[in-house]
């Protein structure tokens with residue numbers, strides 16, 4: 001089984017059926033859809049509602065996360081609504097695009113709500129190409145402090161960097177995961193030996209998760225991200241956990 005933990009499907013941005021065809025072509029069984037940023041309208045967060053409709057329409061293929069703006073009034077309430085009413089499975093945050101720091105006090109109510117709801121938090125880290133987004137807000141370093149302050153929370157470092165501190169954060173904290181989206185796959189393709197080194201630095205195999213950042217207009221990303229990882233010289237048990245086992249545990253999939 002293969003679960004893609006990190007994809008994007010936005011309303012009006014490509015066909016869902018083409019996305020599902022891309023999944024089928026690469027033997028991907030399920031994918032977790034993340035809003036990039038929440039789209040506010042008079043009725044609330046439209047992107048969360050759209051993802052909720054997707055997972056209801058394709059329950060055997062798609063799961064979803066919610067996205068809220070931490071510093072907006074009612075963010076924790078919107079998160080709870082998305083989890084309870086739309087059947088979404090976690091919280092996605094994008095500090096550089098949403099223009100907030102993980103060290104801001106506005107994070108506390110959201111993390112506490114995620115602990116209450118028992119859902120993970122995926123946080124964008126690493127490179128950001130938007131001209132107006134601040135790279136300083138994309139650092140994974142603040143996750144170290146959050147993991148210490150909130151040991152019951154579950155944090156996922158999106159775009160985990162094998163050459164940076166991310167494997168060390170995974171090794172240090174039982175409540176920190178990293179996904180392989182784009183960055184890890186690119187490095188493994190260029191430097192195959194980095195796979196074993198990363199697992200050595202993480203000191204464990206149960207908190208790294210496969211992801212691709214694919215969307216309906218770029219389904220080629222499935223293969224670009226998947227193929228280098230399939231060829232890694234690591235034990236089968238590690239691959240089984242990477243491609244499905246760790247995500248299933250985090251998402252509470254039977």
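The values are calculated or read from the model by the stated rules, or taken from the named source; none is laboratory data. Since this is a predicted model, take the numbers as computed values, not measurements. Positions of Cβ are generated from backbone atoms using ideal geometry, with glycine treated the same way; all protein chains shown enter the neighbour counts.
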Tally, over the range 79-96, of residues that are in contact with a helix residue (DSSP H, G or I) (Cβ under 7 Å, 6 or more places away or on another chain) and in a loop (DSSP other than H, G, I, E, B): 4
Within the range 97-111, tally of residues that are over 28 Å from residue 30 (Cβ atoms), assigned to a helix (DSSP H, G or I) and touching a residue at least 12 places away in the same chain (Cβ under 8 Å): 2
Scope the range 1-29; condition in contact with a helix residue (DSSP H, G or I) (Cβ under 8 Å, 6 or more places away or on another chain) and part of a strand (DSSP E or B); matching residues: 3, 4, 5, 7
Spans of helices (runs of 4 or more DSSP H) in the range 151-254 with at least 2 residues surrounded by 21 or more Cβ atoms within 10 Å (Cβ to Cβ) and within 16 Å of the chain's Cα centre (by Cα): 166-172, 183-190, 220-230, 246-251
Search result, residues across the range 187-208 that are over 27 Å from residue 115 (Cβ atoms) and either touching a strand residue (DSSP E or B) at 6+ places or on another chain (Cβ under 9 Å) or in contact (Cβ under 8 Å) with a residue 12 or more places away in the chain (or both): 187, 188, 189, 192, 194, 195, 196, 197, 198, 199, 201
Output for the range 53-78, where each listed residue is modelled with pLDDT of 95 or more, out of contact with any helix residue (DSSP H, G or I) (no Cβ under 9 Å at 6 or more places or on another chain) and not in a helix (DSSP H, G or I): 59, 60
